[in-house]
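> Have a look at this one before I ask anything.
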Amino acid sequence: MAKEETRMLAKQFKNAIVRDMASLNGTQFEDFCKVLLCLILNGDDIQHKGCNLNGKPVSFAVDIKTEDCKIVGQSGTDSDYFSKADLEKPMGDIHGTEKNNPLCEVLYLFSNQRATDAQHTGLVSKINAESLSFTVKIYDAEKIAETIYENADSTKCNGVWQYLAESSQFYDIFPKRNCIPQSSLHYVQRDKESKALQTLLETQSIVEIVGVSGIGKSEFAKQVAKDISQNFESLFWINGSE
């Protein structure tokens, strides 16, 4: 896959993630953010629907948190999450966390809405003007999509796909996931045939390798893919039997 094609696929992949998140309701997005925070924290145990330190539900109870309450996640699906006057919604999540979770050290603000550069800068300025005892990390829709994109080939990302119907289809053909399998230890290189097939690929986008079962068609295809890999930014392998 050429560099420009890879960039286009990455852009489409991330845009699909943003569209999928926009279709989630509040409860679904909270569930999604729990999985997302596990990914960000590299597998730390995350609890859903937190309470205050006395274990009682409160009006500003956080959406997700670690067991020790040191890391908190708040999720917002309001269409005006970043655009409402005085950034009322994200600041409300911040103040709610400050009130009900005094042990918090890091707060993740998750939203399935895009924040413009001006909105992001404005929110950062308001946060910096507060005397908070914890750090705030802002994850708008684009930041979330970038995070998933960067971790698409990790098994820790598996849990997110159940919430992302369209982008999971991109994942099925994503180059990072579909790397070329290792060749058999018994395979003997066929350099002459590889060069002949490479010549064909210069004028044909698809070349079929035909032969009886067990003759080594798949192993030969792996060799050719590796032989031409230096000419491309990414290559990926699709198992036709699956």
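The values are calculated or read from the model by the stated rules, or taken from the named source; none is laboratory data. None of the values given here were measured: they were computed from a predicted structure. In this analysis, Cβ positions are derived from the backbone assuming ideal geometry, glycine residues included, and neighbour counts consider all displayed protein chains. In case anyone asks, the SASA skips ligands and DNA or RNA and just uses the protein heavy atoms, side chains included. Shrake-Rupley method; radii C 1.70, N 1.55, O 1.52, S 1.80 Å.
> Here is a list: Leu132, Leu103. Which entry is part of a loop (DSSP other than H, G, I, E, B) and under 17 Å from Leu41 (Cβ atoms)? Steps first, please.
Numbers: Leu132 fails: under 17 Å from Leu41 (Cβ atoms).
Unique residue meeting the criteria: Leu103.
> If you don't mind, there's one more thing I want to ask. Is there a residue being of a type in the set (Val, Ile, Thr), modelled with pLDDT under 80 and under 16 Å from Ser111 (Cα atoms) anywhere in segment 53-64?
Yes, some residue in segment 53-64 is of a type in the set (Val, Ile, Thr), modelled with pLDDT under 80 and under 16 Å from Ser111 (Cα atoms).
> Moving on to the next point. Just the residues that are open to solvent by 90 Å² or more (accessible area, probe 1.4 Å) and either in contact with a Gly (Cβ under 7 Å, 6 or more places away or on another chain) or at pLDDT 75 or above (or both), please, taken from segment 168-181. Full working, then the answer.
Taking segment 168-181 and keeping what is open to solvent by 90 Å² or more (accessible area, probe 1.4 Å), we get 169, 176-177.
The answer is Gln169, and nothing else.
> Kindly check whether there is at least one residue in segment 213-227 that is exposed (fewer than 11 other Cβ atoms within 10 Å of the Cβ), more than 30 Å from the chain's Cα centre (by Cα) and not acidic (Asp, Glu). Lay out the reasoning, then the answer.
Going through segment 213-227, the residues exposed (fewer than 11 other Cβ atoms within 10 Å of the Cβ) turn out to be 213-214.
Then keep just the ones that are more than 30 Å from the chain's Cα centre (by Cα); that gives 213-214.
Cutting the leftovers down to not acidic (Asp, Glu) gives us 213-214.
Taking every residue of segment 213-227 in turn, at least one turns out to be exposed (fewer than 11 other Cβ atoms within 10 Å of the Cβ), more than 30 Å from the chain's Cα centre (by Cα) and not acidic (Asp, Glu).
> Right, next: Can you find a residue that is surrounded by 15 or more Cβ atoms within 10 Å (Cβ to Cβ) and modelled with pLDDT of 90 or more anywhere in segment 194-207? Can you show your working first?
So the first thing to find is which residues in segment 194-207 are surrounded by 15 or more Cβ atoms within 10 Å (Cβ to Cβ), and the list is 194, 197.
Still in the running and modelled with pLDDT of 90 or more: 194, 197.
Among the residues of segment 194-207, at least one is surrounded by 15 or more Cβ atoms within 10 Å (Cβ to Cβ) and modelled with pLDDT of 90 or more, which makes the answer yes.
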